[in-house]
1. Run the helix sum for the chain: -39,500 (n - 2.57) per DSSP H stretch of 4+ residues, divided by residue count, reported at 222 nm to the nearest 500 deg cm²/dmol.
2. With point charges of +1 on the Cβ of Lys and Arg and -1 on the Cβ of Asp and Glu, referenced to the Cα centre of the chain, which listed residue (Phe163, Asn13, His152) lies farthest in the positive direction of the dipole?
3. Could you work out how far helix 3-19 tilts from the main Cα principal axis of the chain, as a 0 to 90 degree angle to the nearest 10?
4. Quick one: with all protein chains in place, what share of the accessible area of the stretch 193-292 is carbon or sulfur, to the nearest percent (1.4 Å probe)?
5. Which of the GluC sites (Glu not before Pro) found in the stretch 193-283 are in a DSSP loop and have at most 14 neighbouring Cβ atoms, other than their own, within 10 Å?
6. So how exposed is Met131, as accessible area in Å² (1.4 Å probe, rounded to 10)?
7. With N residues in the stretch 16-58, what two-decimal value do you get for its Cα radius of gyration over 2.2 N^0.38 Å?
8. What value does the chain have for Rg/Rh, both radii from Cα atoms and Rh as Kirkwood defines it?
Amino acid sequence: MDGMLVERVRRFNRTVTQRVGALEDAFLTRGRPLGQARVLWEIGAAGSEVRLLRARLDLDSGYLSRILRALESDGLVVVESDAGDARVRRARLTERGRAERAELDRRSDEQAESILRPLDHGQRTRLVAAMTEVERLLIASMVEVAVTDPRHPDARHSLGEYFAELGRRFPEGFDPARGIAAGERELTLPRGLILVATLHADPVGCGALKFHGDSAHLKRMWVAPAVRGLGLGRRLLAELEARAAEHGAATVRLETHAALAEAKRLYQTAGYTEVSRFNEEPYAHHWFEKTLNADAPADVP
């Protein structure tokens, strides 16, 4: 990793933590640190399951428990078993907690205005645009990609969303039973694998491989609409190519439907060449192939 890039990220982090008041014991002068204020805001008016809070904020369970206990002792939060499932714990705001959250909202607006006020119109526009881009890139950096058992709920959810989207987008509809087999058996090593991308513990993408000797067949590429435009499709593709090479494949092949124009563009820009039909996939209109360079490291953003 380029040391200069690392130093610039660290400098940016120092500037932001100072400017937003993260270093202060009493965030926004409300007598509690930023962590407690953020958890209070995240619980929201409707309350939240504790496990979802932990996932959304990427917090250690012990640390989150200490924050919730502190908020409970201040009379702002109640943590109790869910009415429908005693194993599930939910956090909800008390009346005092709702009032405190509203005050935090008001002061957060004031703080945001204090950042924008000294700048002219052009500077404000540039700052907000830069913040938007930084936010998107930070979200992209938080996505985790891992080989997953195709029977795992995250894999099944991703494949279900993939099938549903194809059903909506293909004029003829989509029935996975009609296509070339890529089920749980085919996507379990050593026959194949499936990668699942998660963000805050929620599945947001997937891609799969079937191994055929010195070639690999790429299947089931899907990215959730909420995270499209973050480069996740290209990252999944690069990860799949790296996995294919690890398992001895010299070539990756795939097919795609004419309705998936963005998928065709992704493959073409990633170095895939359109070739003649090489299988009888009923939902395919284009067939692609790429020769892997086993000596080159995977370019995974």
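The values are calculated or read from the model by the stated rules, or taken from the named source; none is laboratory data. All values reported here derive from a predicted model rather than from experimental measurement. Reconstructed Cβ throughout: ideal geometry from the backbone, glycine too, with neighbour counts over all protein chains shown. These accessible areas exclude ligands, DNA and RNA; they are computed on the full protein's heavy atoms, side chains included. Shrake-Rupley method; radii C 1.70, N 1.55, O 1.52, S 1.80 Å.
1. On the way: 9 runs with 133 residues, N = 301.
Taken over the chain, the calculation gives -14500 deg cm²/dmol.
2. In the chain, that residue is Asn13.
3. Relative to the chain, helix 3-19 is tipped by roughly 30 degrees.
4. Values: 1940 of 3990 Å².
Accessible surface attributable to carbon and sulfur in the stretch 193-292 totals 49 percent.
5. Details: sites: Glu239, Glu241, Glu246, Glu255, Glu262, Glu274, Glu280; in loops: Glu280.
Passing both the DSSP loop test and the Cβ count: Glu280.
6. Accessible surface of Met131 is approximately 100 Å².
7. Details: Rg = 11.6 Å, N = 43, 2.2 N^0.38 = 9.2 Å.
That works out to 1.27 for the stretch 16-58.
8. Working: Rg = 23.8 Å, Rh = 22.6 Å.
Dividing the radius of gyration by the Kirkwood radius yields 1.05.
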